[in-house]
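Below: the structure, in structure tokens.
The values are calculated or read from the model by the stated rules, or taken from the named source; none is laboratory data. Note that this is a predicted model, so its numbers are computed, not measured. Counting neighbours? That spans all protein chains shown, and the Cβs are built from the backbone with ideal geometry, glycine included. For accessibility, only protein heavy atoms count, side chains too; no ligands or nucleic acids. Shrake-Rupley method; radii C 1.70, N 1.55, O 1.52, S 1.80 Å.
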Amino acid sequence: MNVRGKVIKYGDNIDTDVIIPARYLNTSDPAELAKHCMEDLDKDFVNKVQPGDIVVAGKNFGCGSSREHAPIALKASGVSCVIADTFARIFYRNSINIGLPIVECPEAANDIEDGDEVWVDFDTGTIVNHTKGSTYKAAPFPDFLQELISSGGLIEYVKKQAQGGAL
Amino acid sequence: MGMTMTQKILAEHAGLESVKAGQLIKVKVDMVLGNDITTPVAVKEFEKIGAGKVFDVNKIAIVPDHFTPNKDIKSAEQVKMIREFSKKMGIVNFFEVGQMGVEHALLPEKGLVVAGDVVIGADSHTCTYGALGAFSTGVGSTDMAAAMATGETWFKVPEAIKFVLEGKPGKWVSGKDIILHIIGKIGVDGALYKSMEFTGEGLNYLSMDDRFAIANMAIEAGAKNGIFEVDEKTLDYIAEHSNKPYKIFKADEDAEYVEVYKIDLSTLRPTVAFPHLPENTRSIDEVGDIKIHQVVIGSCTNGRIEDLRIAAEVLKGKKVHPDVRCIIIPATQKIWKQAMNEGLFDIFIDAGAAVSTPTCGPCLGGHMGILAEGERAVATTNRNFVGRMGHPRSEVYLASPAVAAASAIAGKIASPE
Ligand code: SF4
């Protein structure tokens, strides 16, 4: 699987409260959540984000609350992938579970700039920056996570197990 | 190679002799938790699995605490949905308004978590129960859904950082000051993916409420979990609150830690985290002149009885500054009653503070004390991110109940000394 899109870049420690503020958590409707994505950090995000865009950020992306509404809001906004130096661990799990592709790659997170055109291949962990003509390599997911992802997320994975009589 | 406390608990729950950092394992869980924000999403996912029933009606806790008593129609609909789900599934530990408390104060108090347990909760501060010597960590709604169906979850075995606490803290230095100090030192990603293990003779001076506050904020350093060595105080607490069987796991002598910090508690000062990250800490002596508009004393970090007692000690016979709203939120019904019986409410009300029923309320900018543009609050909560308590251009300063109470009187951030 691969995606290609224009980059919207943010800094370090982007927390789940700015990805989707708690005042909107009285719903879990993805389209509703997407309307307020990134609102407290970047009011313009909802207007500028295009389907397929890639969010690139620094350290500890998605820190803070466990709200799955955060990756859901990004995904429903059309974001095709998040690349960061590091991810907060709950956000990392949640993204894999709901099928928002994420890639941890310090080199790419550092070098890619706002507006760059970037291509990401998840199978090999290759990231190509078409604007700058550079290539970065991320570590591929461990086998178990590959299996989760290729099953279509955690729920599909558990369902498969259930059908196999493992439940 | 020896194992840390966390690794031992995980190994046992995975049915393995030993585990090592980085290993991906499947473990059995002793408790699965959700609240009124995360459970609705989990229920939708649970239904997709088609399991029909939950793995164990006694091992799931659902606590509507964030927007309850419900603040608007949408949040009431969310709680209605999870209430009906709990009824349908026969979930024993669903806590309605009237029994409800802030989840991480409530579960230990109800005896639902004990030493040696593995607990996951669709709430990031699930790490609080590490104070009891349990492995507990926050996950998302989908993880909650899968665990409700299977009684299992997956983890990457974490590396660990050891914090050796030494010495006796001063009178006004609480668990909150200790954890703020630590986060200030290592940063909001200082323990990313790792366990924070707390040990040392300094533990002798820390009450269970101090330890809950410390473990609660492990996530604020990016940690997977925070965990305390079990001692007499832990066992007394468990004996008083639970009849679940417990198990004590001690780290091996040769357990591997990626870092070891020695912290001399006697040198610490009351500590405040400035906006907009918990790592922006300053000692009370360096805060300067910061006028405030609101004080919130409550939350899963500092809404327990000792927190209220110390706030009352500071507020006794004093008045809340006329420019400040002081809101006090006991974290559970039991704490509420205890505070009432001890006469703490008289002190609060005479001082001009408001006392609320248990709720997360303003902690996450939900209700019961939202900040307007440009306003500043001192709060005993755990996060001061942009917009956390209201308007994106409001500010939250994190502090202990003693500092918060002293600030309420002074109208600016102040020392309780
Ligand atoms: S009190 Fe605050 S931090 Fe604790 S569970 Fe409630 S919203 Fe979360």
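Applied to the stretch A:131-144, the Karplus parametrisation 6.51 cos²θ - 1.76 cosθ + 1.60 on θ = phi - 60° returns per-residue 3J(HN,Hα) values of 5, 9, x, 10, 10, 10, 10, 9, 5, x, 5, x, 3, 4 Hz, with x for Gly and Pro.
So if R0 is 60 Å, what FRET efficiency would A:LYS48 and B:GLN23 give, r being the distance between their Cβ atoms, rounded to the nearest 0.05? Efficiency for this residue pair is about 0.90.
Remark: relative contact order (chain B) = 18 percent; criterion is Cα-Cα distance under 8 angstrom and separation of 6 or more residues. Overall size of the stretch B:178-337 from C-alpha positions, given as principal axis extents largest first: 56, 36, 27 Å. Provide the FRET efficiency to the nearest 0.05 for the B:LYS53-B:MET340 pair, computing r from the beta carbons and using R0 = 51 Å. So, using R0 = 51 Å, E works out to roughly 0.80.
Restricting the trypsin sites (Lys or Arg not before Pro) of the stretch B:163-207 to loop positions (DSSP other than H, G, I, E, B) with no more than 16 neighbouring Cβ atoms within 10 Å leaves B:LYS171.
Note on B:ASP254 and B:ARG309: their simple-model spin labels are 4.4 nm apart, each label 7 Å out from Cα toward Cβ. Listed by chain and number, the lysines placed with their C-alpha closer than 25 angstrom to that of B:LYS74 are A:LYS35, A:LYS43, A:LYS75, B:LYS44, B:LYS48, B:LYS87, B:LYS88; residues fewer than eight positions away on the same chain are left out. For the stretch B:140-243, place one equal point scatterer on every Cα, skip the solvent, and apply the Debye formula. What is log10 of I(q)/I(0) at q = 0.17 Å⁻¹? Per q value, in the given order, log10 I(q)/I(0) is -0.88. In loop segments of the stretch B:190-224 as defined by DSSP, there are no chymotrypsin sites (Phe, Trp or Tyr not before Pro) with at most 10 further C-beta atoms inside 10 Å of their C-beta. Suppose the Debye formula is applied to equal point scatterers at every Cα of the protein assembly as shown; what is log10 I(q)/I(0) at q = 0.06, 0.07, 0.11 Å⁻¹? So the normalised log intensities are -0.27, -0.38, -0.98.
What separates the Cα centres of the stretch B:1-69 and the stretch B:129-188 is a distance of 15 Å. The Cα-based radius of gyration of chain B, divided by its Kirkwood radius, gives an Rg/Rh of 0.96. Computed about its Cα centre, the charge dipole of chain B is approximately 900 debye, with only Lys, Arg, Asp and Glu carrying charge at their Cβ. Amide H contacts of B:VAL355: B:ILE328, each under 5 Å away and 5 or more positions distant or on a separate chain (H built 1.01 Å from N in the peptide plane; Pro and chain starts excluded). Pairs exceeding a 19 Å alpha-carbon distance, out of B:LYS26/B:LYS110; B:LYS59/B:LYS80; B:LYS156/B:LYS194: B:LYS26/B:LYS110; B:LYS59/B:LYS80.
Hydrodynamic radius of the stretch B:316-417 by the Kirkwood approach over all distinct alpha-carbon pairs: 14.0 Å. In the stretch B:9-167, one over the average inverse separation of all distinct C-alpha pairs is 16.2 Å, which is the Kirkwood hydrodynamic radius.
The slack between A:ASN110 and A:ASN2, meaning 0.36 nm per residue of separation minus the straight C-alpha distance, is 36.8 nm. Over chain B, dividing the summed -39,500 (n - 2.57) contributions of all DSSP H runs of at least 4 residues by the number of residues returns a 222 nm mean residue ellipticity of -9000 deg cm²/dmol. For the Cα trace of the stretch B:40-79, dividing Rg by the Kirkwood Rh returns an Rg/Rh value of 1.05.
Of the beta bridges in the protein assembly as shown, as assigned by DSSP with both residues counted there, near 30 percent are antiparallel. Quick one: buried accessible area between A and B, total over both chains, 1.4 angstrom probe, nearest 100 Å²? Rounded to the nearest hundred, the buried surface is 3900 Å². For the stretch B:244-346, the square roots of the Cα gyration tensor eigenvalues, ordered a ≥ b ≥ c, give a/c of at least 1.5 with a/b no greater than b/c, which places it in the oblate category.
Leaving out ligands, DNA and RNA, what percent of the accessible area of the stretch B:192-281 is carbon and sulfur, probe 1.4 Å? Carbon plus sulfur share of accessible area: 46 percent. Straight-line cross-link reach from B:LYS412 at under 22 Å between alpha-carbon atoms covers these lysines, not counting any fewer than eight positions away in the same chain: B:LYS171, B:LYS176, B:LYS291, B:LYS316, B:LYS318, B:LYS319. Of all DSSP beta bridges confined to the stretch A:65-167, the antiparallel ones make up roughly 75%.
Residues of the stretch B:385-399 that bury at least 20 Å² of accessible area once all protein chains are present, compared with their chain alone (1.4 Å probe, heavy atoms only, ligands and nucleic acids left out), are B:PHE385, B:VAL386, B:ARG388, B:PRO392. From the residues B:ILE335, B:THR137, B:THR150, which one has its Cα farthest along the dipole of the protein assembly as shown in the positive direction, the dipole being from +1 and -1 charges on Cβ of Lys/Arg and Asp/Glu about the Cα centre? Value computed over the given set: B:ILE335. Classify chain A from the C-alpha gyration tensor, please: rounded if a/c falls under 1.5, else prolate or oblate depending on whether a/b exceeds b/c. Oblate, because a/c is 1.5 or more while a/b does not exceed b/c.
Where in the stretch A:31-59 does the amide nitrogen come within less than 13 Å of the point 7 Å from the Cα of B:ASP72, taken along Cα to Cβ? What the label zone holds, given the 13 Å backbone N cut-off, is A:33, A:36. Using the Karplus relation 6.51 cos²θ - 1.76 cosθ + 1.60 with θ = phi - 60°, the per-residue 3J(HN,Hα) values for the stretch A:38-52 come to 6, 3, 7, 9, 8, 4, 7, 3, 4, 7, 8, 5, 10, x, x Hz, with x marking Gly and Pro.
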